[in-house]
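**Student:** To start, I am sharing the structure in question, which I have written as structure tokens.
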Amino acid sequence: MNWISKFILAAWVVLAIAGTRASAHVGYSGRDFGTLMYNSDGSAQTVTIATQTVSSSFGWADATDADWGDSHRGRFFRFTLSGSGDVQITAQRNLLGTGTTGTLLPAFSLYSGLGQLAPEQGGHDSAQYSTDNRPAGTEGSLRALGNWSIGNDPTYNIAGDPTSGIKYAPRLAYFTYIGNAADGDPANYGTAAGIFGDGSADGYLTATFSGLAAGDYSLWVGGANYDRQSVETGPTNYTYPTYGVTVSASLVPEPSTGSLLFCGGAILGLLRRRKS
Ligand SMILES: [Ca+2]
Ligand SMILES: [Ca+2]
């Protein structure tokens, strides 16, 4: 290879890495379910996003352990509720991505709150505010089973030019933990307390989060194959295998008055039987 070829190759590698890192900040591009709605007949309106891949098959599970996790190893989705409600989330692995199909066991955690949004800089694990606000030795800012926060970089008046002055100061974005669900059982997702496994490691997972208040929510989706971190290694983001996952969100229809009465009657009947 002559020096020109070497230079072009080196420049391409640098650009490829820079591009991957830039797009790997916390963000929701292409992953916004919007405001979840009912149809006019009261049935659920399901919003499905089938275009996304997650980086690695272990990222979610790795964020359940004592040294936290790397936000790059999963994907952030968002939705909004205009009123209180129950939300059903479904994740199903698909054929997208560079990783071996049939490998990914999906999992997700739900939080209220959103990461920093444009025109602010996106949050990322290695921002000064991020590392200053988490224990030393952690792999990243993400906690799949608890509250966490992530910092961003200053947003300058002229992009990338610190001498132009700071338009938006860096800050922490807070994610308030609501719950989780994971495909399979501890044999794949590990031994952390508080994981809700569905008991069947088949690449399909559905869960309902009840009694959510109006507001904005972040859903972090990643892989629940904890032990795959020993085989899926990579010094840079773009060398991790990626895995496709189709994610759906819908409001759960409110039960009609008739079915509420039926439920009440059934519970009363059970109580009476237990008393007698
Ligand atoms: Ca970890
Ligand atoms: Ca399953």
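The values are calculated or read from the model by the stated rules, or taken from the named source; none is laboratory data. For clarity, every value in this text was computed on a predicted model and none was experimentally measured. Counting neighbours? That spans all protein chains shown, and the Cβs are built from the backbone with ideal geometry, glycine included.
**Student:** Taking the stretch 174-186 as the search range and keeping residues that are crowded, with 22+ Cβ neighbours inside 10 Å and small (G, A, S), which one is farthest from Q121 (Cα to Cα)?
**Tutor:** In the first step, residues of the stretch 174-186 are kept if they are crowded, with 22+ Cβ neighbours inside 10 Å; the result is 175, 180-184.
Cutting the leftovers down to small (G, A, S) gives us 181-182, 184.
On the way: A181: 30, A182: 31, G184: 36 Å.
Restricting to residues being crowded, with 22+ Cβ neighbours inside 10 Å and small (G, A, S), the top hit is G184.
**Student:** Could you grab me the full set of residues in the stretch 28-48 that are assigned to a strand (DSSP E or B), over 14 Å from V221 (Cα atoms) and either charged (D, E, K, R) or in contact with a Phe, Trp or Tyr (Cβ under 6 Å, 6 or more places away or on another chain) (or both)?
**Tutor:** V47
Rundown of residues vs (1) more than 13 Å from ligand 2 (Cβ to nearest atom); (2) surrounded by 13 or more Cβ atoms within 10 Å (Cβ to Cβ); (3) under 14 Å from A63 (Cα atoms); (4) modelled with pLDDT of 95 or more, yes/no style:
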{"residue": "A193", "(1), (2), (3), (4)": "yes, no, yes, yes"}
{"residue": "G197", "(1), (2), (3), (4)": "no, yes, no, yes"}
{"residue": "W220", "(1), (2), (3), (4)": "yes, yes, yes, yes"}
{"residue": "Y226", "(1), (2), (3), (4)": "yes, yes, yes, yes"}
{"residue": "T239", "(1), (2), (3), (4)": "yes, yes, no, no"}
{"residue": "V245", "(1), (2), (3), (4)": "no, yes, no, yes"}
{"residue": "S250", "(1), (2), (3), (4)": "yes, yes, no, yes"}
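**Student:** When only residues in the stretch 85-112 that are more than 16 Å from ligand 2 (Cβ to nearest atom) and more than 21 Å from T48 (Cα to Cα) count, which is surrounded by the fewest Cβ atoms within 10 Å (Cβ to Cβ)?
**Tutor:** Restricting to residues being more than 16 Å from ligand 2 (Cβ to nearest atom) and more than 21 Å from T48 (Cα to Cα), the top hit is T100.
**Student:** Please verify whether the stretch 49-61 includes one or more residues that are over 14 Å from the mean Cα position of the chain (by Cα), assigned to a strand (DSSP E or B) and surrounded by fewer than 20 Cβ atoms within 10 Å (Cβ to Cβ).
**Tutor:** Within the stretch 49-61, one or more residues are over 14 Å from the mean Cα position of the chain (by Cα), assigned to a strand (DSSP E or B) and surrounded by fewer than 20 Cβ atoms within 10 Å (Cβ to Cβ).
**Student:** Just give me the residues in the stretch 181-191 being under 14 Å from F58 (Cβ atoms), more than 16 Å from ligand 1 (Cβ to nearest atom) and not small (G, A, S), in sequence order.
**Tutor:** D183
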